[in-house]
Amino acid sequence: MVPSSGSSFIDINFGCEQSPEPKGPNIGATVAAAVQTALPKATPTPTPNIPLTVEAQVQQKLAEIPTQTPTPTSVPPTPTPTHTPTPTPTPPTTKSIVDNVRPAIVRIEAGQSTGSGFITQVGFPTAEQYTTALVLTNYHVIEGVSSVEVVVGDSLRFDAVVWGVDPANDLALLRICCGLFESLEWADQSEISEGDQAIAIGYPLGIPGKASITNGIISAERYEFGQWVIQTDAAINPGNSGGPLISSSGKVLGINTRKEFYSSDGRPVDGLGFAVSLKTIQSVLESLKSGYMKPTPQATATPTPPPTPNAWSYYNK
């Protein structure tokens, strides 16, 4: 280069141009790209979802547990307490009462008269002597006779011993032996109440066969002629004397003794039967048993001359 007059230097290369570098493939870039292509591409690591991962693991564990159907446990239901009403006892019928007492009802045969009676105790004088029995009847049924027979169960006959008598209260106690007997129980005094049932049982008019019954009520209880008596409208006829008056519980209220046929002025009456009350009987029964009121041998050995006392003659008294 030669400097000109106006410049310090003169480009000596005027007229000469430098040739550009020839363009060709960029080897470096190509190699770099090839390297990148050959290298495995890194898979981006996703951010783990912790709740979903835990849930998946739980579900997997549950799926591995064998499926078992649980056996249901039978639990008995708690019972609901219920109120069971107390059953009302069915009152006995007249038939059932009579069937229960009939084995203890006896027929009394004393001379030409026939009456009734009942067994009041089995085993006398001690309970061990169970083959003996005491029979209660009216005194007027056996009055003045030398021998008395007692028919039990309408078939079995026993010679009776007159053990005790109380003429004032028209009571007599007989002893029989030997057999298997049944006795009746005494009612409670509270059962003697007006309007309550009263059943008379015995052998009216000495009719053959079983003892017959009449049914009525207790009309009244009163004290008259020195004794307690029960008035009843149950029919009482000659032959019923000495038989029991039975309560609705099947127990003895008294001893049937008489009935009124006529009023004091001669008019006929109905439904006026009388029985010696258990209140009077129980007050003298132990004395009858003790022998204190036992009749004398002369009194039993010497019969009263005819006519033989019977229910009719007693009523006429």
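Bear in mind that the values in this text are calculations on the coordinates, not laboratory data. No experiment lies behind these values; they were computed from the predicted model shown. With ideal geometry, Cβ positions are generated from the backbone for all residues, glycine too; neighbour counts draw on all protein chains shown.
Details
- Note on the range 141-209: Kirkwood radius taken over Cα pairs, Stokes-Einstein applied at 25 °C and 0.890 mPa s, translational D equal to 164 µm² s⁻¹.
- Under Karplus coefficients 6.51, -1.76 and 1.60, residue-wise ³J(HN,Hα) of the range 210-222 in Hz, glycine/proline x: 6, 4, 9, 10, 10, 10, x, 10, 7, 7, 5, 10, 8
- Formal net charge of residues neighbouring Ser147 (Cβ-Cβ distance under 15 Å; K, R +1; D, E -1): -1
- Placing dummy labels 7 Å off each Cα toward the beta-carbon, the span from Thr53 to Cys178 is 11.3 nm.
- Net +/- balance of residues flanking Leu288 in space, Cβ distance below 11 Å, scoring K and R +1, D and E -1: +1
- Over 25 Å (Cα to Cα) - which of Lys95/Lys279; Lys210/Lys289; Lys95/Lys289; Lys210/Lys279; Lys259/Lys279; Lys95/Lys210 fall in this group: Lys95/Lys279; Lys210/Lys289; Lys95/Lys289; Lys210/Lys279
- Between Gly239 and Leu205, Ala311, the built amide H atoms are under 5 Å apart, and every one of these is 5 or more places off in sequence or on another chain.
- Stretching Tyr262 away from Asp159 to a fully extended chain increases their span by 33.4 nm, per 0.36 nm per residue minus the current alpha-carbon distance.
- If the segment from Lys210 to Thr80 were pulled out straight at 0.36 nm per residue, it would be longer than the present Cα-Cα gap by 41.3 nm.
- Burial order of peptide ranges 131-142, 257-268, 166-177, 221-232 (average beta-carbon count within 10 Å, highest first): 131-142, 166-177, 221-232, 257-268
- Stokes-Einstein diffusion for the range 190-255 at 20 °C, viscosity 1.002 mPa s, with a Kirkwood radius from C-alpha pairs, works out to 177 µm²/s.
- Per residue, the convex hull volume that the Cα atoms of the range 62-196 enclose (Å³): 279 Å³
- One quarter of the convex hull surface built on the alpha carbon atoms of the range 106-257 amounts to 8.7 nm², the projected area averaged over directions.
- Label reach from Ser283 (point 7 Å along Cα→C-beta): in the range 143-183, amide nitrogens under 16 Å belong to 166-171.
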